[in-house]
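The values are calculated or read from the model by the stated rules, or taken from the named source; none is laboratory data. The model shown is predicted, which means the values in this text are computed figures rather than measured ones. Positions of Cβ are backbone-derived with ideal geometry, glycine not excepted, and every protein chain shown enters the neighbour counts. Side chains included, ligands, DNA and RNA excluded: accessible areas come from the protein's heavy atoms. Shrake-Rupley method; radii C 1.70, N 1.55, O 1.52, S 1.80 Å.
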Amino acid sequence: MAGKLMHAVHYTNCGGGPSDLKYVEVPLPTPKKDEVLIKVEAASLSPIDWLIQQGGLKPMFPRELPQIPGTDVAGEVVDVGSGVKNVKPGDKVIAMLGFANGGGLAEFAVAKANLTVIRPLEVSAAEGAGIPSAGIMAHQALTDSAGLKLDGAGKPTNILITNASESVGNYAIQLAKLGNAHVTATCAPEHIDLVKSLGADEVVDQTTPDGQALKSPSGKKYDIVIHCGEPTSWSTFEPHLASNGKIFDVKPTPSSIKAYALKKLTFSKKQLIPVLLSCKAENMNFLVKLVKEGKVKTVIDSKYSLSNPEDAWAKNAENKIFGKIILEP
């Protein structure tokens, strides 16, 4: 397919806004030995996509400009590298691309074969595209980091999920309930009923004094906090933590990393632990299976056309969404 062109969305500099995204023609990518070429049927946006465009993760990301943003895609394999054995042309798949190079907002995208998994027919392209970064982060924070057993075999656990309006929070509520946890969630007032519908036992309006203080309405102390919200001081969390309570920050900042180091140095049983996304195909497969079985759902906020990305990008930047924003060619 060398020499062919495709449509894609890109930006040429960091620090701009939605109007800087342009729908352009670019060369069709060619998969390397360990890669697959996917005809994209749906791609989802994440808060980090906006952060990268704003230059908030320089010099790490983006690796080069122009940048085609987007890391979470679903579609059909059209070509594979010589070393690829797990998928073949014609397979419906879900994949996570790298943050450094992106590539998801395009008619075709190249993904590493080891981060590409089969998408069953029961899972739509839009549902599948919402899984990778948000679903895996929620799963990783609850299981790998916090040690929650999703089969419900562990001890009773009280969990707080902050800013549950976001997609990581959406998935975290549903996964925590599979682990038989008691879930308290904070969210925007307009999303309270939606958060309850995902299974949260208690929901607190994050704009109220109690919501800002992270208080449980029933007075519970939290064993685990999955923090998906804005930077929050240790003094806000600490009174509401159980004796061994731990906060897992999925949006770590320099201040949260400093708090983590301090608690480690003082051997405190209460800790704040940064969580950095580590994408694994086995975790993605596990989540796809849960969605197929109807045990977890991808919450979709809205859908947009790839050819008109500005409104989708603006909505992602507002951070007032509930679930995933999907773009389709």
(request) Just one of (1) open to solvent by 60 Å² or more (accessible area, probe 1.4 Å); (2) closer than 26 Å to His10 by Cα; (3) out of contact with any strand residue (DSSP E or B) (no Cβ under 8 Å at 6 or more places or on another chain) trips up Glu230, so point out which. (result) (2)
(message) Need pairs with beta-carbon distance below 7 Å; first residue without any contact (Cβ under 8 Å) to a residue 12 or more places away in the chain and within the range 37-64, second of a type in the set (Lys, Arg) and open to solvent by less than 50 Å² (accessible area, probe 1.4 Å); sequence gap 6+ or separate chains.
(response) none
(request) Working only within the range 134-145, note down all residues that are within 16 Å of Lys251 (Cβ to Cβ) and open to solvent by 10 Å² or more (accessible area, probe 1.4 Å). (result) Met137, Gln140, Ser145
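If we keep just the residues of the range 84-107 that are open to solvent by 40 Å² or more (accessible area, probe 1.4 Å) and touching a strand residue (DSSP E or B) at 6+ places or on another chain (Cβ under 9 Å), which is nearest to Lys4 (Cα to Cα)?
First pass over the range 84-107, keeping only residues open to solvent by 40 Å² or more (accessible area, probe 1.4 Å): 85-86, 88-90, 92, 98-99, 101, 107.
Going one step further and asking which of them are touching a strand residue (DSSP E or B) at 6+ places or on another chain (Cβ under 9 Å), we end up with 86, 88-90, 92, 98, 101, 107.
On the way: Asn86: 26, Lys88: 21, Pro89: 18, Gly90: 20, Lys92: 22, Gly98: 23, Asn101: 20, Glu107: 12 Å.
Going through the qualifying residues, I end up with Glu107.
Results for (1) farther than 21 Å from Val275 by Cα; (2) open to solvent by less than 40 Å² (accessible area, probe 1.4 Å), shown as yes or no for each residue.
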residue: Pro156; (1), (2): yes, no
residue: Thr162; (1), (2): no, yes
residue: Val168; (1), (2): no, yes
residue: Ile173; (1), (2): no, yes
residue: Asn180; (1), (2): yes, no
residue: Ala188; (1), (2): yes, yes
residue: Val204; (1), (2): yes, yes
residue: Ser218; (1), (2): yes, no
(request) List the strands (runs of 3 or more DSSP E) that sit entirely inside the range 1-66 and contain at least 3 residues that are open to solvent by 50 Å² or more (accessible area, probe 1.4 Å). (result) 22-27
(request) Answer yes or no as to whether Val123 is under 17 Å from Asp301 (Cβ atoms), out of contact with any Asp or Glu (no Cβ under 6 Å at 6 or more places or on another chain) and either open to solvent by less than 10 Å² (accessible area, probe 1.4 Å) or touching a residue at least 24 places away in the same chain (Cβ under 8 Å) (or both). (result) no
(request) Check the range 247-254 and report whether any residue there is surrounded by fewer than 18 Cβ atoms within 10 Å (Cβ to Cβ) and either closer than 17 Å to Val73 by Cα or not acidic (Asp, Glu) (or both). (result) yes
(message) Of all residues being among the β-branched types (Val, Ile, Thr) and out of contact with any Lys or Arg (no Cβ under 9 Å at 6 or more places or on another chain) in the range 200-227, which is nearest to Gly179 (Cα to Cα)? Just the residue, please.
(response) Ile226
(message) Return the pair list, or none, for Cβ contacts closer than 9 Å from residues in the range 221-244 that are touching a residue at least 60 places away in the same chain (Cβ under 8 Å) to residues that are open to solvent by 60 Å² or more (accessible area, probe 1.4 Å) and of a type in the set (Gly, Ala, Ser), at least 6 apart or on different chains.
(response) Lys221/Ser243
(message) Pairs needed: first member in the range 307-320, among the acidic types (Asp, Glu); second member anywhere, in a loop (DSSP other than H, G, I, E, B); C-beta distance under 8 Å; at least 6 residues apart or different chains.
(response) Glu310/Leu21
(message) Given the options Pro239, Pro217, Pro209, Pro231, name the one that is in the same structural domain as Leu175 (by the TED database) and modelled with pLDDT under 95.
(response) Pro231
